[in-house]
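Working notes, beginning with the structure itself.
The values are calculated or read from the model by the stated rules, or taken from the named source; none is laboratory data. Since the model is a prediction, treat every value here as computed from it, not as a measurement. All Cβ positions, even for glycine, are placed from backbone atoms using ideal geometry, and neighbour counts span all protein chains on display. Ligands, DNA and RNA are stripped out before the accessible areas are found, and what is left, the full protein with its side chains, is counted by its heavy atoms. Shrake-Rupley method; radii C 1.70, N 1.55, O 1.52, S 1.80 Å.
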Amino acid sequence: MVPEAFSSCSSAASTRRSRRLVGGLRTRLVFTFVVVALISAVTATALAYRDARAAVLQRTQNAAVNDLRERVAAVAADFDVPPDQESLSRFAAKVSDGIGARIVVARYQDLVAVSDSLAETEGRITTELRTAVRTGNGARLQRVMWRGEPYLAVGMPVTYADGDHRTSGLEVFAITDLRAERDDTAALLDSVRAGIVPVVLLAAVLALLAAGTVLRPVWKLGRATRELAAGDLGSRVAVTGHDELADLATTFNETADALQASDAELREQEAKARRFVADVSHELRTPLAAMTMVATVLEEDADQLPPDAARAARTVGAETARLSRLVEDLMEISRFDAKAVRLNAAETDLADAVRASLALRGWTDEVHTHLHEGVRAVVDRRRIDVIVANLVGNALRHGSPPVTVTLGTALAGPLPVCGVPQRVRRASGFAAASRPAALSDNAMLRRIAAGAHC
């Protein structure tokens with residue numbers, strides 16, 4: 001039964017430690033730092049990628065439009081309208097040569113010429129772009145995906161050089177490959193993404209350092225609190241700084257000072273009370289010895305006295321004996337309080353001890369017993385005898401029959417190693433009586449039980 005209690009306590013302690021490690025303030029602080037750093041890094045990466053991609057594409061688009069506009073203006077100066085298929089093809093080839101051999105498509109009404117006759121342009125120059133160029137009077141552009149690759153299509157109408165800038169009916173389209181720009185932005189994204197890991201690791205290191213700085217005073221305060229709870233009333237915390245933790249440490253020290261002062265005062269009062277009880281008990285022993293002798297003489301001559309005087313003599317004798325026991329109990333209590341009593345603890349069969357106590361006082365026929373056999377504990381047998389005698393004696397004197405002594409094993413916790421076991425103290429007071437035991441008996445039993453610590 002005791003090993004099970006110890007194992008349950010150790011498992012509970014390990015559970016508390018694991019909870020502290022999993023959900024402790026250090027873990028939460030580090031986790032918060034890492035999450036904030038990760039969110040910041042991801043956000044910065046996304047914004048950098050978006051801005052870099054937009055800047056690269058915008059630069060490419062501007063270059064493509066300007067190059068096409070300048071080259072078309074240069075070539076169109078020597079171009080006659082309306083063209084035939086051959087002149088339209090030469091026009092497209094000249095424009096393509098001037099803008100880096102990009103694919104150029106020239107359209108005039110139903111005539112279409114492509115600078116690269118093998119190139120497929122239908123998927124890269126959409127109907128929407130052609131319509132926008134035909135109906136507008138400036139450059140139009142569109143980014144498209146063709147066969148999984150990005151392209152930029154730029155189109156513009158060719159106008160006459162006169163003042164009204166009338167359209168000539170000639171439309172020019174240029175197709176620019178955007179795979180290089182895509183690769184550049186992807187490489188930028190990879191490099192920024194690779195920097196997230198060092199940032200997160202650095203945030204974790206900084207979080208650990210910050211947690212150590214913040215939590216070190218908390219750990220010291222916790223250690224001092226545990227020492228204070230264990231009875232070390234002189235435990236204090238060093239106060240450093242002027243922040244909230246310093247205020248908390250100051251409050252703890254003030255509380256510990258007040259507790260230590262109260263404890264010292266209580267100990268002093270308790271020592272005075274013990275001395276008072278011991279002095280009173282000691283001073284009462286001398287007059288009680290004389291009273292006991294007188295009461296004994298009166299009891300011996302009671303048969304020769306008148307009935308009323310004989311009854312009074314016997315009452316005086318009984319009360320004097322009771323007062324003597326009370327004084328002895330007070331002396332016993334004072335010795336327990338002063339820790340001057342040495343317990344002779346040994347493993348004892350409690351049922352045999354109870355039967356022996358009843359038989360010694362001749363109460364075997366007057367008291368019913370329900371004693372479980374095999375109930376053993378490490379106790380001081382003489383103390384058990386005193387407890388049984390006091391409780392059963394009070395039940396016989398002040399209670400109503402039947403008086404029953406019950407010994408069981410109803411146990412609220414593990415047995416103490418020495419002294420009065422809990423199963424004895426919980427055994428229905430050992431007596432089913434209509435009135436409780438006298439105050440001095442109960443006080444003595446509590447002191448004996450409380451003093452049962454080796």
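Set side by side, the residues 210, 187, 203, 224 differ, and just one is closer than 30 Å to residue 149 by Cβ and part of a helix (DSSP H, G or I), which is 187. Those residues that are open to solvent by less than 30 Å² (accessible area, probe 1.4 Å) and out of contact with any helix residue (DSSP H, G or I) (no Cβ under 7 Å at 6 or more places or on another chain), I need them from segment 146-177; list them, please. The answer is 151, 168, 170, 173, 175. On inspection, residue 120 fails the criterion of being at pLDDT 85 or above, open to solvent by 30 Å² or more (accessible area, probe 1.4 Å) and farther than 19 Å from residue 72 by Cβ. Taken over segment 298-343, the criterion of being surrounded by fewer than 14 Cβ atoms within 10 Å (Cβ to Cβ), farther than 30 Å from residue 272 by Cβ and of a type outside the set (A, V, I, L, M) is satisfied by 300, 301, 303, 304, 306, 307, 308, 311, 315.
Residue count for segment 62-86 under the criterion of being loosely packed, with under 13 Cβ neighbours inside 10 Å and closer than 13 Å to residue 104 by Cβ: the result is 0. If you check 57, 47 for being assigned to a helix (DSSP H, G or I), hydrophobic (A, V, I, L, M, F, W, C) and open to solvent by less than 60 Å² (accessible area, probe 1.4 Å), only one passes: 57.
The residue pairs whose first member lies in segment 360-380 and is of a type in the set (Lys, Arg) and at pLDDT 85 or above, whose second member is surrounded by 12 or more Cβ atoms within 10 Å (Cβ to Cβ) and not in a helix (DSSP H, G or I), and whose beta carbons are closer than 8 Å, counting only pairs six or more residues apart or on different chains, are 376/348; 376/349.
The selection criterion, being within 23 Å of residue 30 (Cβ to Cβ), open to solvent by 50 Å² or more (accessible area, probe 1.4 Å) and more than 23 Å from the chain's Cα centre (by Cα), does not hold for residue 218. Taking the residues in segment 262-272 that are within 16 Å of residue 334 (Cβ to Cβ) and free of Cβ contacts under 8 Å to residues at least 60 places away in the same chain as candidates, determine which candidate is surrounded by the most Cβ atoms within 10 Å (Cβ to Cβ). The qualifying residue surrounded by the most Cβ atoms within 10 Å (Cβ to Cβ) is 271. Can you name the residue in segment 280-297 that is more than 24 Å from residue 390 (Cβ to Cβ) and not β-branched (Val, Ile, Thr) and is also least open to solvent (accessible area, probe 1.4 Å) among such residues? In this case the residue turns out to be 290.
Considering segment 236-261, and only residues there that are assigned to a loop (DSSP other than H, G, I, E, B), touching a residue at least 12 places away in the same chain (Cβ under 8 Å) and not small (Gly, Ala, Ser), the residue that is surrounded by the most Cβ atoms within 10 Å (Cβ to Cβ) turns out to be 237. Restricting attention to segment 384-409, the residues that are open to solvent by 20 Å² or more (accessible area, probe 1.4 Å) and either assigned to a strand (DSSP E or B) or on the phi > 0 side of the Ramachandran plot (or both) add up to 2. Contact map, segment 284-300: first residue on the phi > 0 side of the Ramachandran plot, second residue at pLDDT 80 or above and surrounded by fewer than 12 Cβ atoms within 10 Å (Cβ to Cβ), Cβ cut-off under 8 Å, separation 6 or more or different chains; the map is empty.
Just for segment 183-204: of the residues that are open to solvent by 80 Å² or more (accessible area, probe 1.4 Å) and modelled with pLDDT under 85, which one is nearest to residue 42 (Cα to Cα)? Once the filter is applied, the top-ranked residue is 193.
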